[in-house]
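**Student:** Sharing a structure, written as structure tokens. Questions coming.
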Amino acid sequence: MKRCSRPCSSLCAVLLCLCSGCLGIRHTTRVIRENEKPRPVRFESEQARSLFEAGVNQMKAHKEVSNFQLSFSLLGWRSQADVLSDNAVYNDEILACDANGDGLITVAEAAAYRARVDAKIAALEAKAKEAKAAEAKAKDTKAAEAKAAPAGGSAADTSSRPT
Ligand SMILES: [Ca+2]
């Protein structure tokens, strides 16, 4: 029984590693511009503030992931992505909203900003919906091809099959 101790222990080590998840996918998210302070800004009115903040909240909810990387090492697959901090999103949106750059967000600026955000979010959602539909269509096509292949294979197909 001592004969198989080395292969068995190696196999046990691999199994232990697989079961513990060390060969799985490890994902890390790096926050970009993490220590950024919110930019000081004034609002013409409460209406301007609420229009702006609704837009910022939508942008935060749809924060884009950038610089996605996937790598493989001895420890398994590793993925990493960058994402902006909430303050960085807020500051970028202030710059996008304050059209004349005077540090005061007017109702007109906030309303125009909000309309741009709504259009951007709608475009993102339409794109995601389109991608989902294309994926479903590709899946259906693949399933239909798999169903049709055994019954309706052409002469060229059957001649290449081993007999
Ligand atoms: Ca302004």
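Laboratory data are not the source of any read-out in this text; all were calculated from the coordinates shown. The structure displayed is predicted, hence computed values, not measured ones. So basically every Cβ, Gly included, is an ideal-geometry build from the backbone, and we count neighbours across all protein chains shown.
**Student:** Scan around Ile105 for amide H atoms under 5 Å from its own, H built in the peptide plane at 1.01 Å from N, and keep only partners 5 or more places away or cross-chain.
**Tutor:** Counting only residues 5 or more places away or on other chains, the set is Arg42, Phe43, Glu44.
**Student:** So what's the stretch 65-115 giving for Rg/Rh, alpha carbon basis, Kirkwood Rh from the mean inverse pair distance?
**Tutor:** So for the stretch 65-115, dividing Rg by the Kirkwood Rh gives 1.33.
**Student:** Hey, another quick one. Using +1 at the C-beta of Lys and Arg and -1 at the C-beta of Asp and Glu, which of Cys97, Leu75, Phe43 has the Cα lying farthest in the positive direction of the dipole of the stretch 23-121?
**Tutor:** The residue sitting most towards the positive pole is Leu75.
**Student:** Continuing with this model, one more query. Could you derive backbone 3J(HN,Hα) for the stretch 128-144 from the dihedral phi with the Karplus parameters 6.51, -1.76 and 1.60 (θ = phi - 60°), listing whole Hz in sequence and x where the residue is Gly or Pro?
**Tutor:** Rounded to whole hertz, the list is 5, 5, 4, 5, 5, 5, 5, 5, 5, 5, 4, 5, 5, 4, 4, 5, 5.
**Student:** Set the Förster distance to 25 Å, then compute FRET efficiency between Trp77 and Ala134 from the Cβ-Cβ distance, nearest 0.05.
**Tutor:** Values: r = 26 Å, r/R0 = 1.03.
Once the sixth-power term is evaluated, E becomes 0.45.
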